[in-house]
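What follows is a short report on a single structure.
The values are calculated or read from the model by the stated rules, or taken from the named source; none is laboratory data. Just so it is clear, the model here is predicted, and its values are computed rather than measured. A quick note on method: Cβ atoms are made from the backbone with ideal geometry, for glycine too, and the neighbour counts reach across all protein chains shown.
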Amino acid sequence: MAQADPQLSSGTSIPWYRGLSRYQWWVLIIASMGWMFDTMDQQFFNLGRGPAMQDVLKFDPVGPGLAKLGDRVKTTYTPADLESLVADGLLTAEQKQKLQFDSHGQPRAKVTRKDVASAIGAEILAPRFIEMGVAKLVEVNARAESYDRAALQALVDRSALSTEAVDRLLDDTAAVPESILAHHLGQEIAKTRTDRAGDDSTMIFVMGWAIGGLFFGWIGDSLGRAKTMALTILTYAVFTGLNGLAHDETWFNVMRFLTALGVGGEFAAGAALVAESMPDRSRPAALGTLQALSAAGNMTAAVLSALILPVLGWRWLFAVGAVPGLVAVLVFLKLKEPQKWKQARAKWLAERAQGITTKKSSYLGLLGDHRWRSRAIIGLLLGVVGVGGLWGVAFFTPELNRIIAKTYSLERRDTFVSWAFFLQQFGAFFGISAFTLLSLRVGRRPAFALFFLAAFVVVAYTFLFAHTILEAYILAPLVGFVTLGPFGGYAIYFPELFPTRLRSTGVGFCYNVGRFLAALAPKIKAGLKGMFMAGTLSLPLLPSAVNNAELAIRYGSFLMIFIYLVGLVVVVFAPETKGQPLPED
């Protein structure tokens, strides 16, 4: 076992960045860029997932609306422009009236292209929604010319309609025609299918992430940290760009899976590269900085989304994700492998050639030795907690915020969702930084325990009780702080668990095998949502979610948050690595 760094054991206070060589700075900068663009890609998916699924499933009204507008497409429309569209039969007088006023009843000087196209496209899609709704009525044997309150209540009893929908449909009338009811049911069916497709795509993405992490983790120990990192960056950049060309759900998910291979592999190679290039006294802070800068990628994604998504749509957002491929070229040309890896690799190859070593590389070495196997299992469980909580709940805040802003126009809603997500990632930067400082002061285990407990409390409150725009803006940075903070711990802690010959493999195992389990989180959440909507599951003291998709999403997310309490149990068995050098054998 290596000897402890004197500065670590003596407690001498020297800024971690003092004395770093040009090569060490270069490693930190390049690795941070790679990881920053990696996380940017992840958030492009989270922010564009809803619109993308709606589009590829052909439920998005904007596309048909733009097609009908043809050469009449403009960036914005004045009241005079809208009047002209009415005169040409492209817009109805009723649609024009709705477009001219915002959700607060205030007149709008200009209306965006997206809102106009959406209004026109909604009329085009109406027959399809009515057909879907009629099919539902046939399924429950409830077709009629019109429906009064008693008839609608019968549909509620058959789990075909929500109680809230009854009041909205009747409003000031005693009965509602079948066409209007069918249209409403069709829209609800479309929303459910879109949500389910988003959950499926997320599961595929997270599983691809796990497979990529395992594969490239092994490659990183064999081929080298820098070369592997370049391959992962190139992989996620190219396939993110191709993702924007998808026109059906299958193509979209295939591209998401291939993108995820690179996304999953980058962290293990980058973290191992930084860990082995830094002196012991600088390593924890450098790794914490690497992870904290990932929040910069998240915030960049939020800003670009706010600028691109409302105007150009999700396809151009994914196209921007291809740009990081240039970083891969830079890594290939300029970045050398760390000396520690080259020495360890050369020693192992020489000993194997001479037949004097029993040490195995890759997963046989990791899981075949009880010292590293126990650490790998602990790291795996910690990864399941953080990744499951993040991808099962916290990264679905855009969907929650779309519910909160449901009365907004499409453009305003997309902008609000993007800026709320920006605040969430702003909080994440400080959460990761705070975790780094806390782990250096009190240790890795107490830091994990504190953040897991805080994540449970904050995220539970958010999904149960956030109902206004102001509340969403206030809670967003807190959610980011507590849910992404532990990822700063993963960057620091996982490389400290394994020797050089197994470090990339071990980090990839801990960070990514847990994703196979975490990949099920969106499906579990969707199952819980269905149980709440069907009435087979309920929460004491809270309103019923029967046939209420919005409440069902909130309640299902709340139950998923209990994974953070599991993390408190795992921490009890985790080894403390504070003040220790990287292990060797």
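Overview of results
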quantity: Subset of the range 222-246 (residues that are within 20 Å of the chain's Cα centre (by Cα) and assigned to a helix (DSSP H, G or I)); calculated: T232, I233, T235, Y236, A237, V238, F239, T240, G241, L242, N243
quantity: Whichever residue in the range 455-481 is over 15 Å from F558 (Cβ atoms) and in contact with a Gly (Cβ under 8 Å, 6 or more places away or on another chain) and, among such residues, is surrounded by the most Cβ atoms within 10 Å (Cβ to Cβ); calculated: G480
quantity: Subset of the range 103-145 that is touching a strand residue (DSSP E or B) at 6+ places or on another chain (Cβ under 8 Å) and part of a loop (DSSP other than H, G, I, E, B) - its residue that is surrounded by the fewest Cβ atoms within 10 Å (Cβ to Cβ); calculated: E145
quantity: Selection within the range 366-394 - over 27 Å from K529 (Cα atoms) and touching a Cys at 6+ places or on another chain (Cβ under 7 Å); calculated: A376, G379, L380
quantity: Residue match in the range 277-286 (condition: within 18 Å of M33 (Cβ to Cβ) and not in a loop (DSSP other than H, G, I, E, B)); calculated: yes
quantity: So A296, is it surrounded by 19 or more Cβ atoms within 10 Å (Cβ to Cβ), modelled with pLDDT under 90 and under 20 Å from the mean Cα position of the chain (by Cα); calculated: yes
quantity: Test: residue in the range 247-267 that is more than 20 Å from G392 (Cβ to Cβ), modelled with pLDDT under 90 and either assigned to a helix (DSSP H, G or I) or within 16 Å of the chain's Cα centre (by Cα) (or both); calculated: yes
quantity: Residue match in the range 539-553 (condition: hydroxyl-bearing (S, T, Y), assigned by TED's automatic domain parsing to the domain that holds F215 and within 27 Å of the chain's Cα centre (by Cα)); calculated: no
quantity: Qualifying residues in the range 571-582 (those that are touching a Phe, Trp or Tyr at 6+ places or on another chain (Cβ under 8 Å) and of a type in the set (V, I, T)) - the one surrounded by the most Cβ atoms within 10 Å (Cβ to Cβ); calculated: T577
quantity: Given (1) closer than 30 Å to M203 by Cα; (2) surrounded by 20 or more Cβ atoms within 10 Å (Cβ to Cβ), number of the condition L85 does not satisfy; calculated: (1)
quantity: Sole exception among (1) assigned by TED's automatic domain parsing to the domain that holds S222; (2) on the phi > 0 side of the Ramachandran plot for K523, by number; calculated: (2)
quantity: Neighbours by Cβ (under 8 Å, 6+ apart or cross-chain): first from the range 183-206, under 21 Å from N46 (Cβ atoms); second crowded, with 23+ Cβ neighbours inside 10 Å and polar (S, T, N, Q); calculated: F205/T259
quantity: Filtered residue count, the range 330-352, keeping only those that are in contact (Cβ under 8 Å) with a residue 40 or more places away in the chain, within 25 Å of T259 (Cβ to Cβ) and either not assigned by TED's automatic domain parsing to the domain that holds I233 or not charged (D, E, K, R) (or both); calculated: 4
quantity: Per-region count, the range 144-180, residues touching a residue at least 40 places away in the same chain (Cβ under 8 Å) and under 21 Å from A552 (Cβ atoms); calculated: 8
quantity: Only one of L312, L381 that is part of a helix (DSSP H, G or I) and either at pLDDT 85 or above or assigned by TED's automatic domain parsing to the domain that holds I29 (or both); calculated: L381
quantity: Matching entry among G379, G443, G431 (being at positive phi and not aromatic (F, W, Y)); calculated: G443
quantity: Selection count where residues are at pLDDT 90 or above and either of a type outside the set (V, I, T) or closer than 14 Å to K191 by Cα (or both), scope the range 110-129; calculated: 11
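Yes/no matrix, rows are residues, columns are (1) assigned to a loop (DSSP other than H, G, I, E, B); (2) in contact with a strand residue (DSSP E or B) (Cβ under 8 Å, 6 or more places away or on another chain); (3) under 24 Å from G389 (Cα atoms):
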{"residue": "P540", "(1), (2), (3)": "yes, no, yes"}
{"residue": "V546", "(1), (2), (3)": "yes, no, no"}
{"residue": "L551", "(1), (2), (3)": "no, no, yes"}
{"residue": "L559", "(1), (2), (3)": "no, no, yes"}
{"residue": "L565", "(1), (2), (3)": "no, no, yes"}
{"residue": "E576", "(1), (2), (3)": "yes, no, yes"}
{"residue": "G579", "(1), (2), (3)": "yes, no, no"}
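To keep it simple, each residue is scored yes or no on (1) outside the structural domain of T39 (by TED's automatic domain parsing); (2) of a type in the set (S, T, Y); (3) assigned to a helix (DSSP H, G or I).
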| residue | (1), (2), (3) |
| --- | --- |
| Y408 | no, yes, no |
| R412 | no, no, yes |
| V417 | no, no, yes |
| F421 | no, no, yes |
| F426 | no, no, yes |
| F429 | no, no, yes |
| S433 | no, yes, yes |
| L438 | no, no, yes |
| P446 | no, no, yes |
